[in-house]
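Here's the structure we're looking at; comments come further down.
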Amino acid sequence: MPHADPSTQRILIFGASIFEEGVAYLLTIGTDLHVSYAEYTNEIAFLDDVEQNQPNVILLNESTLLDLARILNLLFSIPSLVGLRVIIIRLIDNRIDVYEMPKQALSRNIYERHQFTVTERDELVALVRG
């Protein structure tokens, strides 16, 4: 899926709690990141939101009731999402999991996971930027 403006990082946050609002605020203050929200209702609506927003990064909160493994497999099985990164934030230990689908993957169900501990806003922004 081509992104409208390659110079603008597009972040799609799923959820609308005070946590997601706070993360969005941290990501937009003094940056050129374009942040939007969506609610997860079902897989079809989820994929439609991804298609409409064309994000570079999808941000999820681990404490939601979503089946995160299912969502990762769903996203990374779509060839047009090559290069997409999914960031999962954990509230309890400041850890962030970053999943990336390699641009040259033989199978679209292969993705790489990196884990980081984030304690400052600038660290979060750097991870989102890639």
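Results, tabulated for the structure shown:
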{"read-out": "Single residue of Asp32, Asp67 found to be closer than 20 Å to Arg10 by Cα and not polar (S, T, N, Q)", "value": "Asp32"}
{"read-out": "For Ser77: the one exception among (1) of a type outside the set (Val, Ile, Thr); (2) under 15 Å from the mean Cα position of the chain (by Cα); (3) modelled with pLDDT under 90", "value": "(2)"}
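The values are calculated or read from the model by the stated rules, or taken from the named source; none is laboratory data. All values derive from a computational prediction rather than experimental measurement.
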